[in-house]
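Chemist: Starting off with a structure, shown below.
The values are calculated or read from the model by the stated rules, or taken from the named source; none is laboratory data. Since this is a predicted model, take the numbers as computed values, not measurements. FYI the Cβ positions are ideal-geometry reconstructions off the backbone, even for glycines, and counts take in every protein chain you see. Note: areas computed on protein heavy atoms with side chains; ligands, DNA, RNA excluded. Shrake-Rupley method; radii C 1.70, N 1.55, O 1.52, S 1.80 Å.
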Amino acid sequence: MIPVNLNVKNIYLIGRSEESFSTKLVNIKHEKCGSLSRAVEIAFEASEPGDTILLAPACSSFDQFRSFEDRGNTFIDLFNKI
């Protein structure tokens, strides 16, 4: 089991590793989103004023992005469009 700070409301999983992480998050609220754009959309819809939506990669995302910079820039771009 993976310990999580009690202030975490939800975890949004993406990519090739989402299934393997999901099996370890047994008692922690999480959703398999497939893509970063879908995860950002769902997280934004579920958020309340004052909430923080944090990109906290647990592993590489080479199945969806060229680099960590590409992933981070995509995250920023998605939020700037909201």
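Chemist: Give me the 1.4 Å probe accessible area per residue for the chain, excluding ligands and nucleic acids, in Å².
Modeler: On a per-residue basis, the chain sits at 72 Å².
Chemist: So, by mean Cβ neighbours within 10 angstrom, what's the order for 44-52, 72-80 with the highest one leading?
Modeler: Top of the packing list down: 72-80, 44-52.
Chemist: Moving on. Any chance you could tell me what percent of the C-alpha pair distances in the chain go past 15 Å?
Modeler: Value for the chain: 57 percent of Cα pairs lie more than 15 Å apart.
Chemist: A further question follows. For a quick check of your reading of the filter: which trypsin sites (Lys or Arg not before Pro) in the range 34-78 sit in a DSSP loop and have no more than 15 other Cβ atoms within 10 Å?
Modeler: The qualifying sites are ARG66.
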